[in-house]
Amino acid sequence: MNPLTNCLCILVVVAVVFSLSYSETPAMCPGLNGRDGRDGANGPKGDPGVHGEPGIPGERGNTGPPGKVGPKGNPGEKGNTGDTGLAGNKGAKGEIGVGLPGGQGQKGEKGSPDVESIKKTVDLESRIVSLEKKVFWLKNVLLFHGGKQVGDKVFVTTGGEENFDNAQKTCREAGGRLTAPRNAAENSAIEEIIRTKGNGKKAFLGITDSEVEGTFKYSTGQTITFQNWNPGEPNNNKNIEDCAEMISNGKWNDMPCNEQRLVICEFE
Ligand code: MAN
Ligand code: CA
Ligand code: CA
């Protein structure tokens, strides 16, 4: 081949290989050049030269096939940060956590009552003390006058005698009831009143068997829970005895309700 043609062919091949490798990896540094392509085909034979002068160069041969792809270039520089992406969908609700109970909080400060409240409290306290003194004093008057106390219950006689209905009424109007001993101590207190304040007169008790013959009940309707009958009593003598009396020894007898007996009331 003509040297000039050969040179041109080489230049063309280099240019083609260079442009191919550069356009394939735009974001990367250019790789090394590929190997040279093969020579193109020979051009047509040139005209014979005049003797002593250089002949006219033949026509340019066809472009040779491209050289092999060169080795991969180095990675390019890191690109700029992209735009922020769209927000993702809301996540599913989590399971209920199992927390430990919190500790006890600190005790709050004590509130301060206002002055008026303090005054009212002090006033009420002094009135209570005054009333307690009065109750104590009145109870002493009662006991001094012949009343008897068992527990919280106080027994007092009017000193007069009445039939059962009137005796009951007298006690109720005084805020008490016709006496009905619930135990031996109370029975003894009534017995003592009969002897000390009643001259040994028999006294009515607040129990009857008017409703059911033979079943003695309190005025509340409750069947009696304590009894101290004289031997042989109650006998419902002549079938007319539905009330009860206490005789001077503290024993009980059933007797007619229309008879007059000492009135002893109880208060609690
Ligand atoms: C006697 C006894 C009593 C009865 C009275 C009636 O003392 O029979 O049971 O109640 O007489 O007066
Ligand atoms: Ca009877
Ligand atoms: Ca009787």
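Computed from the coordinates by the stated procedures, all read-outs in this text should not be read as laboratory data. Because the structure is predicted, anything quoted here is derived from the model rather than measured. All Cβ positions, glycine included, derive from the backbone under ideal geometry; neighbour counts span all protein chains shown.
Annotation: aspartates and glutamates with alpha-carbon distance below 19 angstrom to LYS133 (same-chain offsets under eight excluded): ASP123, GLU125, ASP152, GLU268. If R₀ is 41 angstrom, what is the calculated FRET efficiency for the pair SER112 and ASN140, using the beta carbon separation as r and rounding to 0.05? Result of the calculation: an efficiency of 0.45. Remark: the range 95-176 projects, on average over all directions, an area of 14.9 nm² (convex hull of Cα atoms).
Computed over all pairs of different Cα atoms, the Kirkwood value for the hydrodynamic radius of the range 138-267 is 14.4 Å.
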